[in-house]
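Here is the structure we will look at, set down as structure tokens.
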Amino acid sequence: MQVASASAEPIPFWSALFTDRRIAPALGLGFTSGMPFLLVYSTQSAWLSDAGVSIAAIGLLSELTLAYKFKFLWAPFLDQYDPPLLGQWLGRRRAWLVVALLCVMATLTFVAFGDPARWLWWTILFSFALGIAGATLDLVLDGWRITSVRPPEKQAVLSSWTEIGWRIGNLAAGAGALYLADHVGWRGAYLCMAALMLVGIVAALAAPEPDSDMVPHMPHAGFVETVWAPIRDLITRLGPMAIAILLLVAGFRMPGYIASAMAVPLFKHQNFSNTDIATVTKLFGFWIALGGTFLAGWLIPRIGMMASLLIGTVAASASHLALAYLAAHGGGGGTAFWTFAATVSIENFAYAFASIVLITYMSTLASVEHAASQYGLLTSLCAFPGSILAGFSGFIIEHTGFVWFFVWTSLIGIPVAMLAVYVWYKVGISDEMPPRPAGTH
């Protein structure tokens, strides 16, 4: 198993926005890809809470994001096949970007015209479709990004601008939608989110098509072989440590996914308004999260990949204790505003740090030949277990209350941290040393 070299030639960061014609489109595409997930997850849970949907049902409806966990199943076909008509005009990846964005826009519009208080089935149906469209947008954007810059060691600037766009889109779908909901209602908020997809369509049309997507395809393999080839390659390269490494990826974000499904319901239970939640979790939290992102980027090269993974999983899981404290001492809405702000700051900082660490680690595991498919597989793997368990979070809270729920989610991080130590000991992957063969120590 090989880790990409970090010795790439430095590329100017800020001037690239004006000198590299890939950067501005990446910013716009990242913006639109950062929106759909929240609109079927935490932002929508606020709408469901306002509509009087039960806490147990809200927990179950977190499963509407299942498409993000299974997206690896159709990722290889997006690499192999061109969309009809648009593919010949725009090229493979830009055409799929436009198709995915149009689907996100359409499904957001349908969700907007639903009423979860009376037609919950409508919200479920089109939110599930929105999840599929959003997951496809993520896949195609990753494919465009990875193939636009070769070799992959020079991806840093393009990836960074894409991530900045993603965070701004996340802010729009979080704080922006919550603010709009308080002023124009949830229908107006979701229609505004649909209109913002035009930013991505313009960006896709302006983006250069990677050279590799303008050459004829190799002969298409069968369905099973197309799906299985990237998985087989990944398992083969990881060798005897494949199970342990994949379990580490799967467990790393598990506590966060379980807890995140109930974070907004906790805030609503504590009588914080949509405006309070938007201000603290999205506007204030946006800058706190950037701090965690910058710290991760600075720390990983200095202490190594596995040490950073260990710190990330411990910090992220321990941050749930702040949510438990808020559940115990944060009642009274506005009177506990600063307790609320401190809690969200701790959680946002820890999870931003942990997210960058995990993204970096998964990027070292993916091969160049199957980069998009394997990265999609790994992101699905890291999301799947926690998201499935999150569906039962509402039932757990009904029996234990919010305080003990967040205490127990923090304890999930202990076996994950032990697994990180084990993988570190057996494999020893670090940015400062050549990787040893898997299974040696």
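The values are calculated or read from the model by the stated rules, or taken from the named source; none is laboratory data. Just so we're clear, the structure is a prediction, and the values are computed from it rather than from any experiment. Here the Cβ is made from the backbone with ideal geometry for all residues, glycine too, and neighbour counts use every protein chain on show. When the accessible area is computed, the model is the full protein with side chains, heavy atoms only, and any ligands, DNA or RNA have been set aside. Shrake-Rupley method; radii C 1.70, N 1.55, O 1.52, S 1.80 Å.
Numbers below:
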quantity: Residue list for segment 97-122, restricted to those being aliphatic (A, V, I, L, M) and open to solvent by less than 10 Å² (accessible area, probe 1.4 Å); calculated: Leu97, Ala100, Leu101, Val104, Leu108, Val111, Ala112
quantity: Residue within segment 86-96 that is more than 27 Å from Pro385 (Cβ to Cβ), open to solvent by less than 10 Å² (accessible area, probe 1.4 Å) and assigned to a loop (DSSP other than H, G, I, E, B) present; calculated: yes
quantity: Filter pass, Phe31 being at pLDDT 90 or above and in a helix (DSSP H, G or I); calculated: yes
quantity: Considering residues of segment 365-388 that are aliphatic (A, V, I, L, M) and surrounded by fewer than 19 Cβ atoms within 10 Å (Cβ to Cβ) only, the residue farthest from Ala67 (Cα to Cα); calculated: Val368
quantity: Segment 318-356 - residue that is in a loop (DSSP other than H, G, I, E, B) and open to solvent by 10 Å² or more (accessible area, probe 1.4 Å) and, of those, modelled with the highest pLDDT; calculated: Gly331
quantity: Of all residues making up segment 243-257, the number that are more than 16 Å from Ala354 (Cα to Cα) and either among the charged types (D, E, K, R) or open to solvent by 10 Å² or more (accessible area, probe 1.4 Å) (or both); calculated: 4
quantity: Candidate set: segment 176-228, residues that are part of a loop (DSSP other than H, G, I, E, B) and at pLDDT 80 or above; chosen: the one surrounded by the fewest Cβ atoms within 10 Å (Cβ to Cβ); calculated: Pro208
quantity: Helices (runs of 4 or more DSSP H) wholly inside segment 35-81 containing at least 3 residues that are of a type in the set (A, V, I, L, M, F, W, C); calculated: 36-39, 42-50, 55-61, 75-80
quantity: Test: residue in segment 376-395 that is of a type in the set (Phe, Trp, Tyr), closer than 30 Å to Ser54 by Cα and within 14 Å of the chain's Cα centre (by Cα); calculated: yes
quantity: Boolean, Gly200 is of a type outside the set (A, V, I, L, M, F, W, C), under 24 Å from Leu86 (Cα atoms) and touching a residue at least 40 places away in the same chain (Cβ under 8 Å); calculated: yes
quantity: Search result, residues across segment 392-402 that are in a helix (DSSP H, G or I) and surrounded by fewer than 17 Cβ atoms within 10 Å (Cβ to Cβ); calculated: Phe395, Glu398, His399, Thr400, Gly401
quantity: Qualifying positions in segment 277-305 - surrounded by fewer than 21 Cβ atoms within 10 Å (Cβ to Cβ), among the aliphatic types (A, V, I, L, M) and closer than 25 Å to Val249 by Cβ; calculated: Leu290, Leu295, Leu299, Ile303
